[in-house]
1. Step by step: first the residues of the range 66-103, then only those that are farther than 18 Å from Thr39 by Cβ and in contact with a strand residue (DSSP E or B) (Cβ under 9 Å, 6 or more places away or on another chain), then the one that is surrounded by the most Cβ atoms within 10 Å (Cβ to Cβ). Which residue is that?
2. Determine which member of the set Arg31, Arg4, Arg25, Arg41 is out of contact with any Asp or Glu (no Cβ under 7 Å at 6 or more places or on another chain) and within 21 Å of Arg218 (Cα to Cα).
3. With the range 112-211 as the region, which helices (runs of 4 or more DSSP H) entirely inside it contain at least 1 residues that are within 25 Å of Tyr56 (Cα to Cα)?
4. Of all the residues that make up the range 79-105, how many are of a type in the set (D, E, K, R), closer than 23 Å to Gly17 by Cα and modelled with pLDDT of 95 or more?
5. Just give me the residues in the range 104-124 being over 18 Å from Thr166 (Cβ atoms) and either out of contact with any Leu (no Cβ under 9 Å at 6 or more places or on another chain) or open to solvent by 80 Å² or more (accessible area, probe 1.4 Å) (or both), in sequence order.
6. When you scan the range 120-139, do you find a residue that is in contact with a Gly (Cβ under 7 Å, 6 or more places away or on another chain), in contact (Cβ under 8 Å) with a residue 12 or more places away in the chain and either among the hydroxyl-bearing types (Ser, Thr, Tyr) or closer than 30 Å to Glu180 by Cβ (or both), even just one?
7. Can you find even one residue in the range 134-150 that is open to solvent by 20 Å² or more (accessible area, probe 1.4 Å) and in contact with an Asp or Glu (Cβ under 7 Å, 6 or more places away or on another chain)?
8. Can you work out which of the residues in the range 1-43 that are polar (S, T, N, Q) and crowded, with 16+ Cβ neighbours inside 10 Å is farthest from Val95 (Cα to Cα)?
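The values are calculated or read from the model by the stated rules, or taken from the named source; none is laboratory data. Remember, it's a predicted structure, so these values are computed and weren't measured experimentally. Cβ: placed from backbone, ideal geometry, glycine included. Neighbour counts: every protein chain shown. Ligands, DNA and RNA are stripped out before the accessible areas are found, and what is left, the full protein with its side chains, is counted by its heavy atoms. Shrake-Rupley method; radii C 1.70, N 1.55, O 1.52, S 1.80 Å.
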Amino acid sequence: MSVRTDLLPRIGKPGDGLVFNSTWRVGTPERQRAAVARTWRSRPWPHAGLLSYSVYTGTDGDTLMHYSQWQDNDAYDDFVRTGRPDRNAEIDAAVPGIERVALYKYELYRRGAPADGSPRPGCIVTVEVEFDGPDHQRQRDWVDAVFDALDADEPLPGGIGAHFHTGVDGTRVLNYAEWESERAHIAALAAPGRGVGSATDAWHRVQHFPGLVRSTVRRYVPAISLSPR
């Protein structure tokens, strides 16, 4: 099966398969580029159950984010048994000492989809939220609270779309947010008045939601997205 190369995946509607999100630490921008180069561009598509595989370089010059869409968990488990060892061995030979920090499984829950004619995202901002224990309803309630806060905001330039994922284990939420640029996101956070994370009752509820343990924000530049033709 041949492979189509793009910069970004096509994120579908809720209920379409599983999303696997992982973070690697590689140390330097040079090692980031070397690890990205060792993707499947020169290999056959690794598994029929893999819908897309995307890699993003952290603007911190250290991290890589891997975002993959799978038909179901059985397809991923089969790939782990049959295809992942060779792939990882090739990457590790080219870029020794990679720290594979974590891998989490998600389902897409709710989207703020880009409007027609929106610019192509130049930056992906992830917000990873962790709660103090499994509670699937609490995950969804937190995401709904974010949408309530966004609906009450004055829109700021630079934001394109957001895709909220709930962790399969019930403890996490991932917001995959599309922005025009890293600079646009930094400006949105720093803007006075009403905006993302501003001092409103709605954002206070988001930031102090019962059971919320931590929220981590990272910025990435799209590097490559692969999918079967």
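1. Ala75
2. Checking each option against the conditions leaves just Arg31.
3. Helices (runs of 4 or more DSSP H) meeting the threshold: 136-151, 182-190.
4. Going through the range 79-105 one residue at a time, the tally reaches 1.
5. Residues satisfying the conditions are Pro114, Ala115, Asp116, Gly117, Ser118, Pro119, Arg120, Gly122, Cys123.
6. Taking every residue of the range 120-139 in turn, at least one turns out to be in contact with a Gly (Cβ under 7 Å, 6 or more places away or on another chain), in contact (Cβ under 8 Å) with a residue 12 or more places away in the chain and either among the hydroxyl-bearing types (Ser, Thr, Tyr) or closer than 30 Å to Glu180 by Cβ (or both).
7. Yes.
8. Checked the range 1-43; the qualifying residue farthest from Val95 (Cα to Cα) is Asn21.
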